[in-house]
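For reference, the structure discussed in these notes is given below.
All of the numbers you see were taken from the coordinates with simple rules; none came from a lab. Owing to the predicted nature of the structure, the values given are computational and were not obtained by experimental measurement. FYI the Cβ positions are ideal-geometry reconstructions off the backbone, even for glycines, and counts take in every protein chain you see.
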Amino acid sequence: MRKRISFLVAFMLFATYSWSQSLSPLGVWTNQDGKAEFEIYQCGDKLCGKIVSLKDPNRNGKPKVDENNPVQKLQTRPLMGMVFMKGFEYEGDNKWDDGTIYDPESGKTYSCYMKILSKNKMEVKGYIGISLLGKTQAWTRIQ
């Protein structure tokens, strides 16, 4: 009887682990306007995101750079490969919070959370102050 209970507990833990892993944001995603692809990856004990592909990677024959960044020395860094999401921690209920997201089109950084809606759909919300105010995007998993 004791072995059955141990097996059942182990099976339930494995099933829970497998379910949580299937709803992980790790992977490659695109935003709703399809302008770019982003990789969400483990960075230390948190999650980060970087730009891995741009629909239009060049401007005037040269790779696009972070020209709208308020820090002048960062205005020449390439957008391709740039880490623009940092610091996400798992909060529970398929939500990663306490991160930041940088918008290279405006040069602004916002507080942000990611919430997995299904295996291939994710809500990403950038905001200032409280999360009730902000902009939400629907992202779709590519890989």
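A few comments on the model shown:
- Taking the fewest neighbouring Cβ atoms within 10 Å as the starting point, the ordered list for Arg141, Arg59 is Arg59, Arg141.
- Ranked by how many other beta carbons lie within 10 Å on average, peptides 26-36, 97-107 from highest: 97-107, 26-36
- Sorted by Cβ neighbour density within 10 Å, fewest at the top, the residues Leu132, Leu23: Leu132, Leu23
- Reachable lysines from Lys119, criterion Cα separation under 29 angstrom, eight or more residues apart if same chain: Lys35, Lys46, Lys50, Lys55, Lys86, Lys95, Lys135
- Using the Cβ-Cβ distance between Ser24 and Ser53 with R0 = 22 Å, the FRET efficiency computed as 1/(1 + (r/R0)^6) comes to roughly 0.60.
- FRET efficiency for Lys73 and Asp45, using Cβ-Cβ distance with R0 set to 22 Å, rounded to 0.05: 0.15
- Residues in the stretch 45-78 reached by a label modelled at Asp103 [backbone nitrogen below 17 Å; 7 Å Cα→Cβ]: 66-71
- Computing FRET efficiency as 1/(1 + (r/R0)^6) for Asn31 and Val83, where r is the C-beta to C-beta distance and R0 is 22 Å, gives about 0.85.
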